[in-house]
Amino acid sequence: MEETKHCTNGRAGRFGLLYGAGAFLLGAVVALAFGWGIFPDLMFSARTQPIAFSHAVHADQQEIGCFTCHNSLADGSFSGLPTVETCAGCHQDVPPEPAADAPKAKREQHASLTALVTTYIQGGKELVWQAHQRQPDNVFFSHAAHFNACFSCHLTMKGGLNMGTPDDPRRLCMRCHPSLAELNSNMPVQENILTGYSRTTMKMWQCESCHAFPGHFSDDGAGRTAANNACYTCHK
Amino acid sequence: MGFDRRQFLKAAAGFGAGAAAGALVTPLPWTLLDDIAIWSQNWSWIPSLKGGPSSFVPAVSKTCPSSAALTVRLAGGRPVRVLPNRDHPLGGGVTALAAAELQLLNSPARVATPLKRGKDGRLHPVEWSEATRLLFERLEEAGENVAFISGDENGSVNEVISAFASALGTDRVFLMPSEGQCASRACDFLGLKAQLGYDLENSDFVLAIGANILETWGTVARNRRIFGASRPHPQEGPAPGAVFAYAGPVQNNSAAVAAPWLPIRPGTGLLLALGIAHQLIARGRSLPARDFGLFAQMTADFGPEAVSAGAGLPGETLLQVVDSLLAARSPLVIVGGEFNQGAGAAPIMAAYAVNALLGNINARGGLRLLPEAGTALPGARDRRTLYRNDLPSWTAGGQNEDPPQVLVVHEANPLFALPDPAATADFFRKIPFKVAFASLLDETAAQSDLVLPIPMGMERADDICNPYGCGAGIYCLTLPVAPPHVDARATPDILLFLARQMGMDFGMETYGDLLRAKALRMRANPDLLAAGIPVLDPELVSPAECVLRPDILAKTAALANQEALSLALWSKLSLGTPTTGIPPFNTKTLRSAELAGEDMSALLNSATAGKCGIRDGRAIAVRSGKKRLTARARIFEGVADNTVALCLGYGHTALDGFSRNKGGNAMELVQAKAEPGTGLAVWDRTDVNVSNA
């Protein structure tokens, strides 16, 4: 009886090992697929903008500079998103109705512009834009300081560290911001269901890619250092 | 071969282990951990910033003595940040105290509701109706036996207080001691019906004696703007457009950037001014004043040797200073107290004479005689009249008089700010009923029988008229940038309400009515004032009838004892005022060399410390008569010889945990004396001794 049991256990053990290994592999594959494929999107819910907006039309076709809409406030801080007053500077009237056989994109653009003019500009309602990047409360961030510090070198220096020109600093802006300038529609704002922050909100390591860059700690020749990585530089 | 329970369990375990292992190389656990950490920062009960559309409104600080013109940023209608107002004559920058003003609105020391002292000796909340009824009854009982103290030097609230006092039949209305009072009394003795103004904007050589013009004296935000404009960055502009020199016993913020700093012993600004006057006369300068001959004779006693012996400034340095003044196109000499009070009128009278000898009275870049603003409320007394009541003289001398039945204190903290606070407290204890109109529960409010919460500067409509130190007559209005954070009511509105109850008729029902009348009195457009645009008065007063009063100056200018150890008091705006205490916003600006734990620092230079046997970092006792204060010795070469420097602003026993029991109140070492010749209380000369504690 003992022998039989041994024999049975040995066969079963080999199959068990196979089952176990197979199951292990299956589990790992499922986890990898879930972790890389499904989980990242599972954590976010989409938030819609009040109207459809095309950066491509405004920035590329109409050649409107970034700072026309994304300007700084009187204290140097960044206003970030334009108010309806800014839009009203160009969009006062409802545009003419497109032809019935006009492309879908044209009809959608008309619908969006009509909503902007009638609901917001003429209706006196403020546009509540969904921000792609809003810093946490415990972070102090000033665009004014970065304009002065980063722009003073990276728009003029030679070589790979040049990130644009004073007239077109977009490459430098895109060190932190997602590139929207060529988008013909809204980039979806994805809100983390646990934290409430947008998916494109910068993480601290991204800030440190410049702040902790060793070259930034040296004197620039005019008695200034280009960045400071002390805690209190960013945190209150 | 079957798939039994055991194999199922093995497969399940394998699947689980595989899933766990696989998951470890995906973002899942790490992102989840990160998100949970962030999520834990945003729980609903943790306060969070509230955004909103940004807007900017003008304001002028009523909390900061500099009357700094500001711009306040609102987010969603809530004030969030104090910024400079560079378009305003009183603006240019933000002082350390003004920067902290918004946070002070939420101070833990805020008086949130009227408080009445109960039978248990403690303050208890009461309704406004009960508080005003109690005050009404006490004022009715007291009749004319009432006194008032105001801590607002520039506002029309003093018109309401003085008119109310007049209607009660008393003239006992006191302003807290200030530079403005010393200057006003100096003008009285010089025969000038004017307020002294300083055209810093157009001067190319400013010599500040004692007056800490870049930190605490006068219109500091404006002074700093002018200093900054005159000194462009070395790589960006030409050489400095104006020289700022400072003479004083401590290398304070003005001295730190001055070129040069002239160390002199505390309270010897008068000697230096007379020494300069003597040199100017010796070089042929004269004045048309009828007592100029006597003045010239008197100043002959203040040659370089005498100034060196008394003030500790080498004679050749004095001569260099005079050379510089004479070489300048528009020199300006400013004399003031090293801590903005208690220096008396004589030093300012001497400064007037020096400026007159330099030929800069009413000249571009010189000392200007500004017309004084009148009153708009019937029965009110003007500021010059109020300055003639000398508060320290009253509290010190009043110990032998009948104290008032009721004392009303508006936005002032005399129990902390006056010299010899213990003696002041003794006097206050004899007053049966004390009322404090206060925003924060300071020492005076804490000892009062009734405390009435008033809005802070950012929460109320108020005005600023000719702040001392400005270069031209100026009248500004400031409107609330936020509703009161507590159940507060403005002092003038309460007094006007009580006045109506008591049958007084001032022709105005609210403070707003008075502000409108005042605007018209100042020939200003109320709408422009409300938009933050001040009205300037370009008129100047003639000095034709001026006298120099050498009799007063001779009595006051007693030479100092070179061997005595003197106390130099100094102050800085980051430590707040006696009514605000140390703003929590500014605690991060305090270095351990200033306040270590609860020990304040006493500054001495190495020569003085060596003479006294004091070593750096040791606890020492600073004694003046029977008074004693302990501090930690700090060797600092920015202190004049034979001088111990203590910073004011420490040693609160009330307010909040950010101010309470931090160091000691240096005013405890100081006693007011009558200035010979003027009778004004002075407390800028205190001999002390130090020893290891």
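The values are calculated or read from the model by the stated rules, or taken from the named source; none is laboratory data. All values reported here derive from a predicted model rather than from experimental measurement. Cβ: placed from backbone, ideal geometry, glycine included. Neighbour counts: every protein chain shown.
Structural remarks
- Looking across region B:298-308, just one residue is surrounded by fewer than 15 Cβ atoms within 10 Å (Cβ to Cβ) and either in a helix (DSSP H, G or I) or under 33 Å from the mean Cα position of the chain (by Cα) (or both), and that is B:GLU305.
- Residue pairs whose Cβ atoms lie under 6 Å apart, sitting 6 or more positions apart in sequence or on different chains, and linking a residue in region A:125-138 that is within 11 Å of another protein chain (Cβ to nearest Cβ) to a partner that is among the polar types (S, T, N, Q), are A:ASP137/B:SER48.
- Restricting the search to strands (runs of 3 or more DSSP E) fully inside region B:409-472 and requiring at least 2 residues that are farther than 30 Å from B:ALA363 by Cα, touching a residue at least 40 places away in the same chain (Cβ under 8 Å) and over 22 Å from the mean Cα position of the chain (by Cα) gives B:433-438, B:450-453.
- B:LEU603 vs. criteria at pLDDT 95 or above, touching a Gly at 6+ places or on another chain (Cβ under 7 Å) and over 30 Å from B:LEU192 (Cβ atoms): no
- Qualifying residue in region B:87-101 (condition: within 13 Å of another protein chain (Cβ to nearest Cβ), of a type in the set (A, V, I, L, M, F, W, C) and in a helix (DSSP H, G or I)): yes
- Of the residues screened, B:LEU326 is not one that is under 31 Å from the mean Cα position of the chain (by Cα) and either within 29 Å of B:LEU567 (Cβ to Cβ) or not assigned by TED's automatic domain parsing to the domain that holds B:SER571 (or both).
- Qualifying residues in region B:67-84 (those that are modelled with pLDDT of 95 or more and in a loop (DSSP other than H, G, I, E, B)) - the one surrounded by the most Cβ atoms within 10 Å (Cβ to Cβ): B:ALA68
- Restricting region B:309-330 to residues that are over 23 Å from B:GLY366 (Cβ atoms) and not polar (S, T, N, Q), the residue that is surrounded by the most Cβ atoms within 10 Å (Cβ to Cβ) is B:ALA311.
- Top-ranked residue of region B:51-66 - restricted to ones that are assigned to a loop (DSSP other than H, G, I, E, B) and closer than 23 Å to B:PRO583 by Cα, ranked as nearest to the other protein chains (Cβ to nearest Cβ): B:SER61
- Screening region B:590-658 for strands (runs of 3 or more DSSP E) wholly inside it with 3 or more residues that are within 26 Å of B:TYR246 (Cβ to Cβ) and of a type outside the set (S, T, N, Q) returns the ranges B:599-604, B:627-635, B:643-647.
- Residue in region B:591-613 that is nearest to B:SER691 (Cα to Cα), counting only those that are hydroxyl-bearing (Ser, Thr, Tyr) and surrounded by fewer than 15 Cβ atoms within 10 Å (Cβ to Cβ): B:SER606
- Complete set of residues in region B:662-685 that are assigned to a loop (DSSP other than H, G, I, E, B) and more than 21 Å from the chain's Cα centre (by Cα): B:GLU675, B:PRO676, B:GLY677, B:THR678, B:GLY679
- Test for B:ALA674: is it out of contact with any Pro (no Cβ under 9 Å at 6 or more places or on another chain) and closer than 30 Å to B:ASP551 by Cβ: yes
- Of the helices (runs of 4 or more DSSP H) entirely within region B:178-293, those holding at least 2 residues that are more than 23 Å from the chain's Cα centre (by Cα) and touching a residue at least 40 places away in the same chain (Cβ under 8 Å) occupy B:179-190, B:269-282.
- Scanning region B:13-35 for residues that are within 7 Å of chain A (Cβ to nearest Cβ), among the hydrophobic types (A, V, I, L, M, F, W, C) and closer than 20 Å to A:THR200 by Cα turns up just one, B:LEU28.
- Pair list, Cβ < 7 Å and 6+ apart or interchain, from region B:104-133 residues that are assigned to a strand (DSSP E or B) to residues that are surrounded by 19 or more Cβ atoms within 10 Å (Cβ to Cβ) and among the small types (Gly, Ala, Ser): B:ARG110/B:SER439; B:LYS116/B:ALA131
- Restricting B:ALA557, B:ALA568, B:ALA488 to those that are at pLDDT 95 or above and either assigned by TED's automatic domain parsing to the domain that holds B:GLY303 or over 28 Å from B:ASN158 (Cα atoms) (or both) reduces the list to B:ALA568.
- Residue count for region B:302-335, restricted to those that are over 26 Å from B:LEU214 (Cα atoms) and of a type in the set (A, V, I, L, M, F, W, C): 3
- Residue that is surrounded by the most Cβ atoms within 10 Å (Cβ to Cβ), among those in region B:533-554 that are acidic (Asp, Glu) and under 16 Å from B:ALA194 (Cβ atoms): B:ASP537
- A:PHE15 assigned by TED's automatic domain parsing to the domain that holds A:TYR120, modelled with pLDDT under 90 and in contact with a helix residue (DSSP H, G or I) (Cβ under 9 Å, 6 or more places away or on another chain): no
- Within region A:58-94, if we keep just the residues that are surrounded by 14 or more Cβ atoms within 10 Å (Cβ to Cβ) and over 30 Å from A:PHE141 (Cα atoms), the residue that is modelled with the lowest pLDDT turns out to be A:VAL94.
- Conditions (1) at the interface with chain A (Cβ under 10 Å from one of its Cβ atoms); (2) under 48 Å from the mean Cα position of the chain (by Cα); number of the one not met by B:ARG78: (1)
- Considering only residues in region A:186-196 that are more than 9 Å from chain B (Cβ to nearest Cβ) and in a strand (DSSP E or B), the one that is nearest to A:MET174 (Cα to Cα) turns out to be A:VAL189.
- Region A:37-55, subset in contact (Cβ under 8 Å) with a residue 24 or more places away in the chain, surrounded by 15 or more Cβ atoms within 10 Å (Cβ to Cβ) and not in a loop (DSSP other than H, G, I, E, B), residue farthest from the other protein chains (Cβ to nearest Cβ): A:HIS55
Residues are listed down the side, and each one gets a yes or a no for (1) in a loop (DSSP other than H, G, I, E, B); (2) among the polar types (S, T, N, Q); (3) within 25 Å of A:THR48 (Cβ to Cβ); (4) out of contact with any Asp or Glu (no Cβ under 6 Å at 6 or more places or on another chain):
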residue	(1), (2), (3), (4)
A:PHE67	no, no, no, yes
A:PRO82	yes, no, yes, yes
A:THR86	no, yes, yes, yes
A:ASP101	yes, no, no, yes
A:HIS110	no, no, yes, yes
A:LEU113	no, no, yes, yes
A:LEU116	no, no, yes, yes
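- Answer from A:ARG199, A:ARG170 - the residue that is within 14 Å of another protein chain (Cβ to nearest Cβ) and within 23 Å of A:ALA59 (Cβ to Cβ): A:ARG199
- Residue in region A:96-107 that is more than 24 Å from A:ASN162 (Cα to Cα) and within 14 Å of chain B (Cβ to nearest Cβ) present: no
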